Structures are given as structure tokens and as C-alpha cells.
Amino acid sequence: MSGPVVVVGIGADGWDGLSASVRREIGAAEVLMGSSRQLALVPDTGAERVAWPSPMVPALPGILAERAGRAVCVLASGDPMFHGLGTTLVRLLGPDRVRVLPHPSSVSLACARMGWPVEDTTVVSMVGRPVELLNRVLQPGRRVLALSADAATPGLIAALATSRGYGGTAMTVLEQLGGPGERLVRATAGRWDAVVGPLNVVALECRADPEAAALASVPGLPDDAFEHDGQLTKREVRAVTLSRLAPVPGELLWDVGAGAGSVAIEWMRAHPACRAVAVESRPERAARIGRNASALGVPGLRVVTGTAPVALVGLEPPDAIFVGGGSTAPGTVETCWNALRPGGRLVVNAVTVESEAVVAAWHAKTGGDLLRIAVHRAGPVGAFTAWRPSMPVTVWTAVRR
């Protein structure tokens, strides 16, 4: 480029909503890029007009390279750095080669219309992402803004909320925010049947039905929150395990011998930026992990069907690893230990004598921390109540230096 690519945020109000300085930037461009809808909002300036192909992102490097040495201006919706094209271009070209001129985002406009404080509102983007992401944030009293992918998104949201016991949730669909065609459509999720346009944001005031279960965001979800066949890290042990794994935003976990995927799922629920790979040898369990991940709001969980340690080859190096099953398989713990980044955490849970022997040997070799958890639950014995012990679990935690 002859200079930085200029990225201009534009709203549904089009040219009228742009400042004089932003209009001058558009007028100075030799090449104007954007969607067909966005380009139609700007008068003819004599610049070459390039409408995005589909898919857009893979084509970007070639489109820009073909226009090297020319002044390029890119139109983007609202604030280009909020789930927008500005972020993509900065990642592609570097921050020094992109200059962003933002417009009020759809989130700012929606909160202004709803009277909601932006800082108290949860935002979830449905653009190019599954609607099941909402499962993580559907909680009583929560205010959520969902950025729609198209006209079908509000209906999908309403159906999902209703199926999760949130049919009483107040839905407001805000169309064409800031433009002459702005419209607000209101109903409850359980009664949603409106037809809306493709450019919309959905505001949710979450209201749970009396029988709906509220799922906490801290580790230790009830065991029945997961579909499983008994191969599940139980609630109390899982909470301790997650505390040892210590999820940090942006970090990657390997869940080896994942069973129902409960540890990987709770790791990802700790923060939207947490990532995980669940490795499971049985195809039926691997499929179940995918269903659990969607139901609990982390459909981005990657599931690898295969047996460790072979299935671990080629995976992105992790920041933490949990071995819940298969620790006795030759080479599994060694492969996991060697794969860790410096400062990475390895947590191995052992129940059998054989797996405890593996843990003891590695503890003697590398150190770390050993913990035994014994959980007792009260249950009926005739007319009385007595404690019934679960199998004790040995937890070995080590940090690679």
C-alpha cells in the first residue's frame, strides 16, 4: 500500500452519519472496499470499488496485493475493532499498516436504546459462530446482547432459550440501528414469531422458568449437567482438579482420556478466551463430548478421537494438561510432560493401584504435589443415614520449569 489501509466504520445511517474528516478520507481513496451494502451507502468518489467475495478472509491478501501502491479505504460496520474487519486487517498487515476510524458500535447503540450500562452487559457474537454460545451466559437476571448473523438468528436464539427453560426471557430485536429504517421488535422468547431484517442485534433480559437449572460459572457443575456413561470426573474431584490446572485466559488445555469432557468444558467456561482439546479413544464418547460442549456453551471445544500418546502428536503445545484416563498407557505421561510449555501444569488423577504406581514414579522423578481426595456422601441405611465412601482419587500436580 502507498500508506496505511484506512478502515472506516460506517453505520446504517450511511454517509449522513460520517464526520467531515472521515468523508475526506473516503474521498481521498483510490480504492474503496466493502460489502455491496456498505458501498451503496457512499456516493461515487471516482475510486475503484471492490465488493467483498465470499468467503472474504481467504481472499484478502490477494485483493490487497493486487492494489499495492494505491491509497486504499475499507468500509466496515460500526466499530471495526469490535468483532470486526479492523481486527482481521491488523492481524494480517500489522498495527502500523492499518489506521482505524471507528463509528459507534452496534453494542453502544443498542445499549443506548435499551438504557443498559455497557459495562454491565454481556455481549456474544453469533456472526460465523454457533448459537449454542448463548448456553454459557443464560442465567437469571442477566442482560445479554447477541450480534446476529442474519435474519434467522433471532428465531434460533428464541428456540434455544425456550429449550433451556428461559422461555420467559424478554427479547428485543433492534433492526437497522442508527439508520432511517430503525425498528424495535419485542416479545418473549417463548412467543417469538416475528419476521425481521438481516441487520439486527438481539437484546435479552434473561428470565428463568421455575424449573430451569441455573449453572454457575465456577468449576464444579453438577454431574447431571453432563451427558455421560459413568466415565466422568465427579463434581468435587473436578473442582479440585480445575483449581490445580488453574485456567488463565488465552491458555490451551489438553484433556487426555476425556470421558465426558467435563474438565475441558469447565476449563473453557472459566473464560471465553480459554481453549481446550479433548482427546478420547472411544468414538461414542467423543461424540458425547461434542454434545456436552454445545449444551454448556463452549461449542468451540476441539475433540480428537484417538488413543494417547499417538493422538497427541501434532497438537498445538498446551499450557496445561489433565490426564483423567489412560495414564498407564506406555508413553502417555512422558509425552504429556515433554509437550508442556515452560511453566505449564500437568495434573494426573489416579484411581487404580496401577495408575497410582505411575504417578508415584513420576512424582519421585520430577517432584510436584500429591493429594488424595476421599469423598463421602450421606445415604439411607434402613431408617437411618450413613456415610457411603466414593473411591479415593490421588491427584498429582507438577509444573514444568
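Any residue in the stretch 155-175 that's open to solvent by less than 10 Å² (accessible area, probe 1.4 Å): show its pairings with residues that are at pLDDT 95 or above and among the polar types (S, T, N, Q) at Cβ separation under 7 Å, as long as the two are six or more apart or on different chains.
Sorted first by the residue in the stretch 155-175, then by its partner, the pairs are 161/169; 169/188; 171/188; 173/200; 174/200.
Please give the number of the condition residue 259 fails out of (1) open to solvent by 10 Å² or more (accessible area, probe 1.4 Å); (2) over 30 Å from residue 127 (Cβ atoms).
Only one criterion is unmet by residue 259, namely (1).
Take the residues in the stretch 22-41 that are over 23 Å from residue 201 (Cβ atoms) and open to solvent by less than 30 Å² (accessible area, probe 1.4 Å); name whichever of them is nearest to the chain's Cα centre (by Cα).
33
State yes or no: is residue 178 buried (at least 17 other Cβ atoms within 10 Å of the Cβ), small (Gly, Ala, Ser) and out of contact with any strand residue (DSSP E or B) (no Cβ under 7 Å at 6 or more places or on another chain)?
So residue 178 fits the description; yes.
So that you can scan it fast, the table gives a plain yes or no per residue for (1) in contact with an Asp or Glu (Cβ under 8 Å, 6 or more places away or on another chain); (2) at positive phi:
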residue	(1), (2)
210	no, no
215	no, no
218	no, no
223	no, no
226	no, no
231	no, no
235	yes, no
239	no, no
246	no, yes
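Could you figure out which of (1) outside any strand (DSSP E or B); (2) under 27 Å from residue 211 (Cβ atoms); (3) at pLDDT 95 or above isn't true of residue 139?
Among (1) outside any strand (DSSP E or B); (2) under 27 Å from residue 211 (Cβ atoms); (3) at pLDDT 95 or above, residue 139 violates only (3).
Give, as residue ranges, the strands (runs of 3 or more DSSP E) completely inside the stretch 1-92 that count at least 2 residues that are in contact with a strand residue (DSSP E or B) (Cβ under 8 Å, 6 or more places away or on another chain), within 27 Å of residue 123 (Cα to Cα) and in contact (Cβ under 8 Å) with a residue 24 or more places away in the chain.
It comes to 5-10, 72-77.
Just name the residue that is surrounded by the most Cβ atoms within 10 Å (Cβ to Cβ) out of those in the stretch 352-401 that are more than 16 Å from residue 333 (Cα to Cα) and among the polar types (S, T, N, Q).
390
Test of understanding: among 242, 204, 184, which residue is outside any loop (DSSP other than H, G, I, E, B) and surrounded by fewer than 18 Cβ atoms within 10 Å (Cβ to Cβ)?
Just one listed residue meets the conditions, 184.
Pick out, from the stretch 291-401, the strands (runs of 3 or more DSSP E) lying fully within it that include 2 or more residues that are charged (D, E, K, R).
Of the strands (runs of 3 or more DSSP E) lying wholly inside the stretch 291-401, those with at least 2 residues that are charged (D, E, K, R) span 369-373.
Conditions tested, residue by residue: (1) within 27 Å of residue 182 (Cα to Cα); (2) modelled with pLDDT of 95 or more; (3) open to solvent by 50 Å² or more (accessible area, probe 1.4 Å).
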position	(1), (2), (3)
17	yes, no, no
20	yes, yes, yes
43	yes, yes, yes
83	yes, no, yes
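With 253, 301, 296 as the choices, which residue is more than 20 Å from residue 349 (Cα to Cα), aliphatic (A, V, I, L, M), crowded, with 21+ Cβ neighbours inside 10 Å and in contact (Cβ under 8 Å) with a residue 60 or more places away in the chain?
Being more than 20 Å from residue 349 (Cα to Cα), aliphatic (A, V, I, L, M), crowded, with 21+ Cβ neighbours inside 10 Å and in contact (Cβ under 8 Å) with a residue 60 or more places away in the chain holds for just one of 253, 301, 296, which is 296.
The values are calculated or read from the model by the stated rules, or taken from the named source; none is laboratory data. Just so we're clear, the structure is a prediction, and the values are computed from it rather than from any experiment. Ideal geometry is used to build each Cβ from the backbone, glycine not excepted, and the neighbour counts take in all protein chains shown. Keep in mind that these areas ignore ligands, DNA and RNA; they rest on the heavy atoms of the full protein, side chains included. Shrake-Rupley method; radii C 1.70, N 1.55, O 1.52, S 1.80 Å.
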